Number of protein chains: 2
Amino acid sequence: MSIKLNIYPKSLFDDVMASKCEKHSKLRTIADMCRYNAITAVKKAGSGHLGSSMSSMDIFVALYYGVLRKTDQGANPDNHHVFFSSKGHDVPGQYAVLHSVGIISDQQLMSLRRLGGLHGHPDTSNPGIEANSGSLGMGISKAKGMAWAKRYRDLSGHVFVLTGDGEFQEGQNYEALQSVPHLGLSNLTVIMDSNKVQSDKEVNAIISLRNFRDKIKQFGWMVIEIDGNEISEIENAITIAVNSHDKPVFIIANTIKGKGVAFMEHIRAIPLNNGLYPFHAGAPDDDSFIRATNELYERNQNNLIKLGIKHQLLLPIDQNDAENHIQLNALGEPVSQTAPQITKIKGKAPYIVEAYGQTLLALGEEIENLIVLDADLSADCRLRYFENKYPDRFLENGIAEQDMVSTAAGLAKFGLLPVVNSFASFLASRANEQIYNNATEGKKIIYAFHYGGLIPAGPGKSHQSIRDISLVAALPNITIIQPGSSEEAEIATRWAVKDCKTSCILRLNIGPSLSEFKMPSDYLFDPGKGTFLREGEDVLIMAYGSVMLHEATLAADLLTKNGFSTGLVNMPWLNQIDDHWLRVACHCYNYLIVLDDHSPIGGLGDQLLRKMNQLNILEDIRVHVFGIEGYPACGTPQEALAYHGMDGVSLANRIQKILE
Amino acid sequence: MSIKLNIYPKSLFDDVMASKCEKHSKLRTIADMCRYNAITAVKKAGSGHLGSSMSSMDIFVALYYGVLRKTDQGANPDNHHVFFSSKGHDVPGQYAVLHSVGIISDQQLMSLRRLGGLHGHPDTSNPGIEANSGSLGMGISKAKGMAWAKRYRDLSGHVFVLTGDGEFQEGQNYEALQSVPHLGLSNLTVIMDSNKVQSDKEVNAIISLRNFRDKIKQFGWMVIEIDGNEISEIENAITIAVNSHDKPVFIIANTIKGKGVAFMEHIRAIPLNNGLYPFHAGAPDDDSFIRATNELYERNQNNLIKLGIKHQLLLPIDQNDAENHIQLNALGEPVSQTAPQITKIKGKAPYIVEAYGQTLLALGEEIENLIVLDADLSADCRLRYFENKYPDRFLENGIAEQDMVSTAAGLAKFGLLPVVNSFASFLASRANEQIYNNATEGKKIIYAFHYGGLIPAGPGKSHQSIRDISLVAALPNITIIQPGSSEEAEIATRWAVKDCKTSCILRLNIGPSLSEFKMPSDYLFDPGKGTFLREGEDVLIMAYGSVMLHEATLAADLLTKNGFSTGLVNMPWLNQIDDHWLRVACHCYNYLIVLDDHSPIGGLGDQLLRKMNQLNILEDIRVHVFGIEGYPACGTPQEALAYHGMDGVSLANRIQKILE
C-alpha cells in the first residue's frame, strides 16, 4: 500500500466533547471523525462494509453519546440499556463510535478483520458488542428475548436493535414483529437504518417493502419516521420510544447510504455507476480512499477549528504489522509465523466463482429452461453476466433464502431447471428444511453453495461456512461437488446442469485461487473418482477446493523436500465415493490424510471413513482427518489457516509428525 | 376395535351428482359425506388431523367440483389449475374429496398412514397431490414458483394454495407475501382456512395475527373475506381471483374448526374442554367416533333422500387388514411379516416425553431461572404441566421456530436458562442457523428435539426426523443426548438443566415405549459412557432411544436363541464418547453393530467410526452401522421399522448373516 493511514485518536474525541459549543455541532463533528476512522479501518483490513457504516453513523453517535452513556445508567449492568445491530454490516461504523467513547482502544480499532482483533461482523468477544449477528433477520427476535428477560426480572433499561431495510425481506423479522406486540414488550425499540439500498441495488428494485410504515403499524407497533442522519431527530425519537409504555416503537430512520462522502452517497453514486451502488462492501481503492478521507478531513478540520480545537494530530497507522494477537492456534500449538500475510490477491488470479458465473452464462444459451435464482448476492455469486443477458430467466428473491428455495420447487414442477444461489452459510442452514422438502419431491434443482469453507476469513463466523456439507450430507438423493480449480468449476457446473440426474450442490470457493492445479492428461470428471495430482509412496493427501488444494500442494512440496514421498488427490465428490477407485487409490499407501475445508465432523473425512469401513480396508491404511476445529477464526486467510493448523507449513509439520 | 367402520363409496357420490337437484344442495351433501369418510379414515389409521379436515372440507369441495374439474381444463395438464395445501394437516379431508371425484380409490382411502398407502401429510407420490407439505409456511413460496413458471412458459391455469391461519406465524409466509406482488404474479391465489384455532388453542391466544385483512392489503394483495363453509361464497371468490389480472388475491375463508359435527365445532368444543380444542390431531375415541358418524350419517341420509337417492349402501371396511402394500423393504429385501401390527400402545406404557415433561415441572420448583419456550406444541411436548404451574415462565412463541430460537439467546443473555421445544424435524432444520448463531455466543440453552427418529411413522416424512443429529453434530460446543427410557429421560433432563456446562440437545422419542430396559445396579449417567444392558461374546449391539433399544432387545433375544452370544449397550451420548470406556466396551468383541434411529450418515455410527479410527481400534473389531436408509417410510411403527429392516426380526437376520 503506497498511501499513508491515520486515525483520529481517542484523545481528540475527548477534546471535542470538552469544548463549550452546542452539543449537536460537536456530535456531528464526532460522526464525521468516526466516518474517517471507519473508512481507514476498512482500508487497512482490505475489506468491510462502508455504505451502511456511513448511513448508520449518526444513529450510533446519537445512541452512544446519548441514552447508552454508562455513567447515566447506574451500577448494575443488567439494568443498562442494550443496543446491538441486527444487520451487522455496519460494524466498522459501530467500532469507530465505540472507539471514540473509549470502549475500543486506538490499537484495537486498527485490528479489524485480523486474528484476535475486531470481527468482520459483530461478535460478543469484542468489547461493546451485545449480540452476534451478520446473518440477517435474527435481531428483533433476540431483542425480544432480552426485553422479555428484563421485564420478567424486573430490570430497567430498554432494548434497542438496529436493522437494515433490505433486511426486512427476511421472514424471521415478521415472526418477531408479530410476537413482540402480542407479548406487550414496550421496552423494545427497533431502529431501521432505511438507507434504501441493499448489496448494490435499491431495495425497491430487489423486493419492494411497499408502504412499510403502514405495514408495521398493522403489526401493532408505534411507528416514528425521522431523518436518520439528523442526530436531534434520532434523540427525540429515542426519547419517545423509551417513554412508550403502551406499544413497542419502530423508528424508521431515513438515511443515505454512504452518508458523509459526497461521491459515496447513494443518490449520487448509483447514477454514476450504471444503477449499481459500489460501496456496500469491500475496501475502497486508493483513489477513492484518498478522495473520501480528504473530503472528511477538510470538513472535520473546519469543524474542529469552529469548536476551538487547533491541535488536530492524527495517529499514524503501521500498515504492515504482521502481528498475531493470539499466540496459540486451535490445536493449542504456536501459530506458524512462516506463512506470508496475504490479505488480497490482485491481478489475474483465477476465481472459481468467476468460472461458475461464465459457465452459467454459456449454459443460458444452450439450456432454455435454466432459471437462475438469487438472494441479493448477484455480484458476489457472479450471476450478473446471466442476469444481464437473460433478465427474463433471472429470478431475484431478495434476502429471503427460504422463499427462494421453496420457489425453486415450484419452478421445477413445471419443467424448469432452477439454479439457486446464496452463501453456503445461509443457504445450507437457514433454508435447510426447505431443501429437504424439495428433495422429497425428487425434482432436479441445483444449489450453489458459495463461500464454502474457512476462507475468506475476514467476515467472521456468520459467513464462514464449515458446517454446510454436514447439513446436506444425510439427504438421500443429492450429489455434492466442490471443484478444485476454475477449470474444474466449469466442468462441474456443466455436468451438474446437463448430466447429473439428481439434484446437485456445487460448493464453491468465492475468493481468488492462490494457485490452481494443472489438469493431468488422464483427467476425467467421473462421479465418485478423484484425480491424482501427484503420486507418492509414503502418504496420500486427499483434498478438495482451491484453498485446501493450494495448501496441500505446499505441504506436499515440503514433505517431499524432507524425504517423504507424498501423493495428492483432488477429490471433488463430497458424498459419492467409487469403491474400486478408492481401493486402488489407497492401495499402496500406509497413510491417508484427508483435508476437510469444513468441520472434521460431517465432511469428506467422515464419508471416507464410512466407505472404507464398509469396504473393510481400514486395516491396511491409517486415516487422519484434518478439519476446521472449533469455530472458524476471523482474520486474514493466512492467519485463519495458520490458526487452524491448515496452512501448508502447519500441515507439513502435522503430517511429518504422524509419519515419524 | 369393537366398532364397525364403513365409508360412502365412490358410486354414491356419482349418484348425488347425477341427481337433478340444485347444485349447492348436492355439494353440501357431498361435503358431509366426505366428512364422514375422513373421520372413518382417521379412525382406521389411528391418527390424523380431523379439525382442519372438517373446516376446509367445503373449500376442497368447491375447488374439486368447480374450477379444478379436469374435463374443463383441456388436454395439456401443464395448462391445468394447480391446487395444494400448504398446511397439509387437512389432507384426510382432501383425500376424502379426491376419493369422491374418483382420483383416489375406495381401497386407497382406507390406506391412510399405512405403508404404501396415503401419507399422513401431502406427498406427491399419492394421486392428486401436487406438492409435499406438512411443515408449515412453505406453500405460498412454492405456489409463487409455479405461478412464475406458468407465466414464463405462457401456460394457462391458476395456482391455488390453501393455508391455515396459525400458519401465518411462520415468517417464510411474509417473504412470499412480499415477493409475489413485487413480481406481479396475479395467477396465484391464497385461500386461508381461517378456522381460528391452532393445535389446541385459539390463534389469538397463541400469537394474534391482529387485523389480518388490513395487514395483507399492505403487502399488496387484493383481499376477499368470505364464509369459508359456504360453497357459493367460495366459488364466487375463486371466480374473482381467476379473473384478477392486476393483483394476486388472498381469500380469507372464515371457517369453523371441526365443522359439520356439532360437538367437534370449535365454538362449542373449546368451552367444553377447559379452553382447549381436543380434535386437532389424533383419532377420536370410540364414543366420539360413534357420535360424530351418527350425526353425519343421519344428516346425510335426510339429504340424500331429498336428492332422490334411496339406496345408500355403505362400503364396510376390514379393520384388521395386515396387508403390506409394498413387498420389498428399503434394502430391497422382502418385508418381514412376522412382527405384529401395532398401531397404538394402550394402558400404562411409559412415555419418555412424559418423564421429560414431569421433570421440567419438578425443575421449575428448583431452578428459578428456568424458562420453557414452546412453538405451539405444548401438549405433544408435554409442556402443559409447566405451562399451567408457571405461566409467567412459559413463553409461547407460536409456530415460529426461528423467532423462538433467537429469542432464547436474548433470554440467556440476561441470566435465564431457556428450554426450547419443538419437533426435531422443524427445530433442527428450520432454525438451524439460529441455533448456530446462539451457539457462537456461548450462553447455555437447552433444546428439546421431540419426535426424533423414525417413529411414529404415520405423519410421514415432514415430521419423521432422521437428519437432526447430522444437522447439529458439527456445532463445537453442544452436548447431544437421547435417553433410552423414561427413567433415563428424567436423569438426562436433570443433568442437562443442572449439571451440563454447555448448551444441550435432548433428543426425545415422543410415542410410548414398547418396553423399557431395567436400570442395571451399576448404572451411571456419565458423559460419553454407555450402559451395558447385557453382556455377550460374539457381537455387541449399540443403540439409543426407546424405539431402537426395544428392537435391539428383541434382536438380541433372537440371536441368543440362535446361539450367538450378544451384548447390548444403551448409548445415550450421541456426540461424546469416552475413549477409555469405548476401548473397554469393544475389547472382547469381534463385531460391533450400531443402530442409528437416524440416517446412517451423521448419526452415532459416524461418531463412533471417527472415534475408533482416532483410537486406532478398528483393526480389532468389525463395525456395521444400520440406519434409516433413504426417506423414512410412512406407515404403522412396525411397517416402517420392517420396511427399513430395523425391527427386531429383521435386525436379528441381518446380524446373523454378518456373524455367519
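The values are calculated or read from the model by the stated rules, or taken from the named source; none is laboratory data. None of these values were measured; they are calculated from a predicted model. Ideal geometry is used to build each Cβ from the backbone, glycine not excepted, and the neighbour counts take in all protein chains shown. Ligands, DNA and RNA are stripped out before the accessible areas are found, and what is left, the full protein with its side chains, is counted by its heavy atoms. Shrake-Rupley method; radii C 1.70, N 1.55, O 1.52, S 1.80 Å.
Observations on the model:
- For the range A:99-132, the set of residues classified as in a loop (DSSP other than H, G, I, E, B), open to solvent by less than 10 Å² (accessible area, probe 1.4 Å) and in contact with a Phe, Trp or Tyr (Cβ under 7 Å, 6 or more places away or on another chain) consists of A:ILE104, A:LEU115, A:PRO122, A:ALA131, listed by residue number.
- Candidate set: the range B:620-637, residues that are open to solvent by 10 Å² or more (accessible area, probe 1.4 Å) and facing another protein chain (nearest Cβ under 9 Å); chosen: the one nearest to B:LYS657 (Cα to Cα): B:HIS624
- First in the range A:564-591 and within 30 Å of A:ALA496 (Cβ to Cβ), second anywhere and open to solvent by 20 Å² or more (accessible area, probe 1.4 Å) and acidic (Asp, Glu), Cβ under 6 Å, 6 or more apart: A:GLY567/A:GLU535
- Any hit, the range B:518-525, residues being surrounded by 15 or more Cβ atoms within 10 Å (Cβ to Cβ), at negative phi and among the aliphatic types (A, V, I, L, M): no
- The number of residues in the range A:95-153 being more than 14 Å from chain B (Cβ to nearest Cβ), among the small types (Gly, Ala, Ser) and farther than 21 Å from A:ALA62 by Cα comes to 3.
- The condition of being away from chain B (no Cβ under 14 Å), in contact (Cβ under 8 Å) with a residue 40 or more places away in the chain, open to solvent by 40 Å² or more (accessible area, probe 1.4 Å) and among the aliphatic types (A, V, I, L, M) does not hold for A:LEU540.
- Of everything in the range B:241-286 that is in contact with a Phe, Trp or Tyr (Cβ under 8 Å, 6 or more places away or on another chain), open to solvent by less than 60 Å² (accessible area, probe 1.4 Å) and in a loop (DSSP other than H, G, I, E, B), the residue that is farthest from B:VAL42 (Cα to Cα) is B:PRO248.
- Qualifying residue in the range B:297-317 (condition: within 30 Å of B:ALA642 (Cα to Cα), open to solvent by 80 Å² or more (accessible area, probe 1.4 Å) and modelled with pLDDT of 80 or more): yes
- Residues located in the range B:400-415, provided they are part of a loop (DSSP other than H, G, I, E, B) and either surrounded by fewer than 24 Cβ atoms within 10 Å (Cβ to Cβ) or more than 9 Å from chain A (Cβ to nearest Cβ) (or both): B:PHE414, B:GLY415
- Out of B:LEU651, B:LEU659, B:LEU604, B:LEU595, one residue alone is surrounded by fewer than 24 Cβ atoms within 10 Å (Cβ to Cβ) and of a type in the set (A, V, I, L, M). It is B:LEU659.
- Those residues of the range A:373-398 which are more than 20 Å from B:VAL180 (Cβ to Cβ), within 14 Å of chain B (Cβ to nearest Cβ) and open to solvent by less than 20 Å² (accessible area, probe 1.4 Å), in sequence order: none
- The range A:110-126 residues that are in contact (Cβ under 8 Å) with a residue 24 or more places away in the chain, paired with ones that are part of a strand (DSSP E or B) and aromatic (Phe, Trp, Tyr) (beta carbon under 8 Å, 6 or more apart): A:PRO122/A:PHE84
- Meets criteria (in the same structural domain as A:HIS311 (by TED's automatic domain parsing) and touching a residue at least 12 places away in the same chain (Cβ under 8 Å)) for A:GLN107: no
- Test: B:GLU433 is among the acidic types (Asp, Glu) and open to solvent by 10 Å² or more (accessible area, probe 1.4 Å): no
- One residue from B:LYS70, B:LYS26 being within 29 Å of B:PHE263 (Cβ to Cβ) and more than 26 Å from the chain's Cα centre (by Cα): B:LYS26
- In this structure, B:ARG583 does satisfy being under 23 Å from A:GLU619 (Cα atoms), more than 24 Å from the chain's Cα centre (by Cα), more than 14 Å from every other protein chain (Cβ to nearest Cβ) and outside any strand (DSSP E or B).
- Test for A:ILE617: is it within 13 Å of another protein chain (Cβ to nearest Cβ), assigned to a helix (DSSP H, G or I) and surrounded by fewer than 22 Cβ atoms within 10 Å (Cβ to Cβ): no
- Residue check for A:ASN421: in the same structural domain as A:ALA489 (by TED's automatic domain parsing), touching a helix residue (DSSP H, G or I) at 6+ places or on another chain (Cβ under 7 Å) and crowded, with 21+ Cβ neighbours inside 10 Å: no
- Total residues in the range B:206-240, condition within 14 Å of chain A (Cβ to nearest Cβ), open to solvent by 10 Å² or more (accessible area, probe 1.4 Å) and free of Cβ contacts under 8 Å to residues at least 24 places away in the same chain: 6
- The criterion of at least 3 residues that are surrounded by fewer than 18 Cβ atoms within 10 Å (Cβ to Cβ) is met by the following helices (runs of 4 or more DSSP H) wholly inside the range B:2-79: B:10-18, B:23-45.
- Members of the range B:568-592 found to be farther than 30 Å from A:VAL472 by Cα and crowded, with 23+ Cβ neighbours inside 10 Å, listed by number: B:LEU568, B:CYS586
- Answer from B:GLY157, B:GLY184 - the residue that is without any contact (Cβ under 8 Å) to a residue 40 or more places away in the chain, part of a loop (DSSP other than H, G, I, E, B), more than 9 Å from chain A (Cβ to nearest Cβ) and surrounded by fewer than 24 Cβ atoms within 10 Å (Cβ to Cβ): B:GLY184
- Yes/no for B:LYS498 being out of contact with any strand residue (DSSP E or B) (no Cβ under 9 Å at 6 or more places or on another chain) and either part of a loop (DSSP other than H, G, I, E, B) or open to solvent by less than 10 Å² (accessible area, probe 1.4 Å) (or both): no
- In the range A:132-175, the residues that are over 24 Å from A:GLY93 (Cα atoms) and out of contact with any strand residue (DSSP E or B) (no Cβ under 9 Å at 6 or more places or on another chain): A:ARG151, A:ARG153, A:ASP154, A:LEU155, A:SER156, A:GLY171, A:GLN172, A:TYR174, A:GLU175
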